[in-house]
1. Taking the condition among the β-branched types (Val, Ile, Thr) and out of contact with any strand residue (DSSP E or B) (no Cβ under 7 Å at 6 or more places or on another chain), does residue 76 pass?
2. If I filter the stretch 1-40 down to residues being at pLDDT below 85 and among the small types (Gly, Ala, Ser), which single residue comes out as nearest to residue 58 (Cα to Cα)?
3. If the Cβ limit is 9 Å and pairs must be 6+ apart or interchain, which residue in the stretch 41-62 that is assigned to a loop (DSSP other than H, G, I, E, B) pairs with which residue that is among the basic types (Lys, Arg)?
4. Scan (1) over 15 Å from the mean Cα position of the chain (by Cα); (2) assigned to a helix (DSSP H, G or I); (3) surrounded by 13 or more Cβ atoms within 10 Å (Cβ to Cβ); (4) not basic (Lys, Arg) for the single condition residue 71 breaks and write down its number.
5. Taking residue 67 as meeting all but one of (1) free of Cβ contacts under 8 Å to residues at least 60 places away in the same chain; (2) of a type in the set (A, V, I, L, M, F, W, C); (3) under 16 Å from residue 84 (Cβ atoms); (4) in contact with a helix residue (DSSP H, G or I) (Cβ under 6 Å, 6 or more places away or on another chain), write down the number of the exception.
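The values are calculated or read from the model by the stated rules, or taken from the named source; none is laboratory data. What you see is a predicted model, and the numbers here were worked out from it, not measured in a lab. Note that we place each Cβ from the backbone using ideal geometry, even for glycine, and neighbour counts take in every protein chain shown.
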Amino acid sequence: NNLERASVMRILVMLHPTNKRGTKTAYTKLRKFLIADGYLMLQPELFMRIGTNRKGIEKHLHRIHEFNPGTGVVRILKLTEKQFKSIIYLTGEEDYQEKNVGNKCCIIL
């Protein structure tokens, strides 16, 4: 069980669109892809997905490249579960989705 937890990683995708022409459409496509692909919106313009290993994470990174809007800034941060758990909340707390997902890759409803 500890070995399984050690391989769990998270991808954080941070979006910062610009006012350039065509940006809104491109970012809308990217957001729709991220949500359809199982990313959770942690806050506006910040999405997170859990992966079970580095190979799976790399697969998702390549898929995001296909929806690259070409303008603005798209940052991707790969974190281990231990790094993600070190987040400090100055105000607020984990939201409902974060509490329910935890380090599970998916939830069956």
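1. no
2. Only one residue tops the list, namely 7.
3. Note: pairs meeting the criteria are 45/31.
4. Answer for residue 71: the failing condition is (2).
5. It is condition (3) that residue 67 fails.
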